[in-house]
Amino acid sequence: MGGSLQIQPAHLGKASIQVKADSNRDVLKLLFETDKSAGIVALTGLDMGEKIGLMYHIRTNGAIVTIRTEVPKENPKIPTITDLIPGAQFHEREAADLFGVIFEGHPNPARLLLPDDWPENLYPLRKDAKIDDAIVKTENSKNQAETVQPQSDGTLVNIIIGPQHPALLEPEKFSLKVNGEIVKQVEPRIGYVHRGVEKAAEQRTYLQDVYLVERICGICNACHAACFVETVEKILGTTVPLRGQYLRTIILELNRLHSHLLLLGHAGFEIGYETLFQYMWRDREPVLDLTELLTGNRIIASVMTVGGVRRDLKETYIPKIKTALANLKKKMGFYKQLFENELTLKMRTQNVGTLAKEDALKLCVVGPVARGSDIAMDVRKDEPYEAYGEIPFKLITYNTGDSWARLMVRLDEIVESINIINYAIDHLPQGPYRVKVPRVVPAGEAVNRVEAPRGELFYYVKSNGTAYPERVKVRTPTFANIPAFIKIAEGGNIADVPASFVSLDPCFSCTDR
Amino acid sequence: MILGLDLVFRVLIFPGFTFILFLTMFCDWVERKIEARMQNRVGPSFTGPSGILQPLADFIKLLTKEDIVPRDAKKTVFRFAPILAFSVVVFAICFLPFDGAAIIPNSAFAGDLIFIMALITVANFLLFLSGWASSSPYGAIGAARVLTQFLGYDIPLFLLALAPAFLAQSLSITSIAANQYLPFILLAPWAFVLFVIALQAELEKDPFDIPLAESELVGGLETEYCGGKLAFLHLTRDVQIVFGAALVVELFLGGPYGPVFFGLPAFWYSLWFVLKLLAVIVISEYLTCLFARLRIDQVLTANWKILLPLSLLSLILTVALATWVYPLMV
């Protein structure tokens, strides 16, 4: 099959290729050999009755190609592709947890999302899974306390960060094997607050799902809602009025401002720079005020709806928005100077947690993490959605790949976001801001991506012609970035773990959907 | 009998234990208020006027909390190390002349500068023990970092403390303070700057607050402490800050001496002393707000490669100054 596959650049559609299970690996191998910069976006499982469908969503030349295959439900075995693309490791473990697919040859087929005492042979996203089977017997629970103590393993000491730890605001566990002050091995364990949003979405209507997916993540809530409604609009074939698209863009960028400012402040806290933390969070407040002005809510915007947005922007708001953004922009100049010149800040972030470009490509990282490693990847540029195609803005990349670069990407993006909002307000078209759509969505499926503050957010929605979706798949940016954390922590200093970890902007609320 | 009452008053009330306790809490409030204002916050503001009673309220609150000793802890050390550390620092403060004489009358002797530096070493070691005895990994790492950091700054701190001693031709704190016709900060500003930096490490403040790095070590050596013992650990830290600032005042800012306008000299001396003390605390707090926390290896490298040679150089300069220049000026 060598050379028989050619990938055409510069097309923005979605391609879908159906392959047999036994040749699946060959096709993917060919794809990854043809395009060295290709990466896996997500691996969607699908209960098709007798069979389990597997969809490998591959990012190549900025577009998404879906390789579909099927495995029988009684014997759901398929060869792993982890050796072809290491970034697939967590996607395969997730599919193994939720659909019971066995990936032959996977280096670490342990549970990722489900608890250790979850019953065997109960796969939650299969349609025949019963909630009663999931009642966990407490006597099966392993004694967690014994793993919390540090264990000496030859010369390596086991230090556990999490599930409760001040460096982590959310409950996740990272076991670090440490030799002296040097980290040798990292084993993440996520899923402590997994809420089964994908399953819950199947039991609600599309309109209810907008508010459900918004609650996947408090910080990038508008991105989740926007990505979901765009996916549904693709199935419906609805076009959102231009004013609605511009308003969505403004709200998405406010979301990005608030998320980036929060992260930069949090980074200050992690490196013991409390003044920076307090300043950044102070300057984040006006952004929340603007969100409140536009949507009525400070955090969870609840303003996206299928067919447009729920609230219009009044003329009287415009001067307030402009003043607040001008002030913020002025302050960002000060912060940029600070990040470039402050000695202790640079000592803690430069040459710390370096992620080389090749590793970043192999591990399929997304968002500011990829852009900090000199990968020009941004869904807003690759596949413009909403009004991004019409708004000029710069794609920020840094080439050092360290924590500092990742923070600088966000710092510069804040300025770009302010410019985008200003441009969108100046060029705001007149007209309606939403259209009415039917409650029942015709049968069909669609994939969609938006650039959330943390990186590429991916949704897959399959409709079966009713008011309830058949399947909703969410791949959040942090889920794609966790392999990068393992990579940058290993071989580093233990004191650098929080500093390099925070530069990835991890959000476990997203990861544990 | 009257002499005995005087002794009791001096040791227990003023300028002894009670005064030090309230001064410590006042300094804690000043620190928190300054830090808050620098970070564009309000700081403590509800307990008492402008929140001045907040440190006292915090202390009393901690004393009323349940006191738990972990099952695996070395119980005796765990219980007594915080209190001992506190006592040792307060004992060291007793040698500093707050109002012109040491707190315990006639206790000052020819080498008390060396003695109180040694006491501070003991206090740090007791703090290390308190973390080590808690047998928690965070406590143990925090405790180990106290010692590791101590290795870095102790020698420079000591060498820099010798500069005023050379200038005053004495190793006694009282006579160093009394012999500053011109405050030594003006004579040897380099030694003052370096001393404040080394002190920042001794007091575990930014950029050297590594043993307390909450994002890495939870609470460091305090992790397993609660209730009254935690109150004493916090108090030890605050008293250490007062001690450090007081040491700077004695060595570089002319001690308690200043103009006496009317009435008792002791009153004016105490006033000048507290004002100078607050000035040092403002400087220290300003540095804290200015920097991010360094890594332990960066601190050790900086201390051994930069601070130690600089303090040796400062010592040579000061000796030259004390031998050839200073006698001409006096």
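Every read-out reported here was derived from the displayed coordinates using simple, explicitly stated rules and does not represent laboratory data. Keep in mind it's a predicted model, so treat the numbers as computed, not measured. Using ideal geometry, Cβ is built from the backbone for each residue, glycine included, and neighbour counts are taken over all protein chains shown.
At full extension, A:Ser23 and A:Lys127 could sit 34.8 nm farther apart than now, given 0.36 nm per residue minus the alpha carbon distance. When DSSP beta bridges are restricted to pairs lying wholly in chain A, around 85% turn out antiparallel. Using only alpha-carbon positions in region A:14-129, the gyration tensor eigenvalues give semi-axes of 24, 15, 12 Å once each is multiplied by 5 and square-rooted (largest first). Short-range pairs are left out: with C-alpha atoms under 8 Å and at least six residues apart, the relative contact order of region A:14-129 is 23 percent. Dividing the radius of gyration of the alpha carbons in region A:399-513 by their Kirkwood radius gives 1.10 for Rg/Rh.
Panel note: the C-alpha atoms of chain B, placed on their principal axes, show extents of 63, 53, 42 Å (largest first). Counting every other Cβ atom within 10 Å of each residue's Cβ, A:Arg439, A:Arg513 order from fewest to most as A:Arg439, A:Arg513.
For B:Ala57 and B:Phe9, what does the FRET efficiency come to when R0 = 25 Å and r is the distance between their Cβ atoms, rounded to the nearest 0.05? After rounding, the FRET efficiency stands at 0.35. Legend: distances between Cα atoms for A:Lys77/A:Lys487; A:Lys29/A:Lys77; A:Lys320/B:Lys33; A:Lys173/A:Lys357; A:Lys234/A:Lys357; pairs beyond 23 Å are A:Lys77/A:Lys487; A:Lys320/B:Lys33; A:Lys173/A:Lys357; A:Lys234/A:Lys357.
Hydropathy first: keep DSSP H helices in chain B averaging at least 1.6 on Kyte-Doolittle, then drop any whose Cα extent along the axis falls short of 24 Å, and list what survives. Counting only whole DSSP H runs, the qualifying helices are B:75-93, B:112-132.
Pairs from the table (B:Lys229/B:Lys305; B:Lys74/B:Lys205; A:Lys36/A:Lys329; A:Lys130/A:Lys436; A:Lys20/A:Lys394) lying more than 32 angstrom apart at Cα are B:Lys229/B:Lys305; A:Lys36/A:Lys329; A:Lys130/A:Lys436; A:Lys20/A:Lys394. Relative contact order for region A:272-389: 12 percent, from Cα pairs under 8 Å spaced at least 6 residues apart, divided by residue count. Exposure proxy for B:Ile34, B:Ile141: other Cβ atoms within 10 Å of each Cβ, ordered fewest to most, give B:Ile34, B:Ile141.
Residue ranges A:320-332, A:199-211 sort as A:199-211, A:320-332 when ordered by packing (mean number of other C-beta atoms within 10 Å per residue, highest first).
Note on A:342-348: average number of Cβ atoms from other chains within 10 Å of each residue's Cβ is 5.
The overall shape of region B:1-86 is oblate: from the C-alpha gyration tensor, with semi-axes ordered a ≥ b ≥ c, the ratio a/c is 1.5 or greater and a/b is no larger than b/c. For A:Lys330, list the aspartates and glutamates whose Cα falls under 12 Å from its own Cα; do not include residues on the same chain fewer than 8 positions away. Within the straight-line cut-off, A:Lys330 pairs with A:Asp283. Among B:Met117, A:Met280, the order by Cβ neighbours within 10 angstrom, fewest to most, reads B:Met117, A:Met280.
Using a ≥ b ≥ c from the Cα gyration tensor of region A:218-480 (square roots of the eigenvalues), is it rounded, prolate or oblate, where a/c under 1.5 gives rounded and otherwise the larger of a/b and b/c decides, a/b for prolate? It is oblate, given that a/c is not under 1.5 and a/b is not larger than b/c.
Inter-chain neighbour count for B:40-50: the average number of beta-carbon atoms from partner chains within 10 Å of each residue's beta-carbon is 1. Oblate is the label for region B:224-309. Its Cα gyration tensor axes, ordered a ≥ b ≥ c, give a/c of at least 1.5 and b/c at or above a/b.
Cross-link partners for B:Lys75 among the aspartates and glutamates, with Cα-Cα distance under 14 Å and sequence neighbours closer than 8 places in the same chain left out: B:Asp67, B:Glu224. Using a cutoff of 8 angstrom between alpha carbon atoms and counting only pairs six or more residues apart, the relative contact order for chain A works out to 17 percent.
Dividing the summed helix terms, -39500 (n - 2.57) for each DSSP H run of n ≥ 4, by the number of residues in chain A produces a 222 nm estimate of -12500 deg cm²/dmol to the nearest 500. Among the residues of B:282-294, the average count of other protein chain beta-carbon atoms within 10 Å of the residue beta-carbon is 4.
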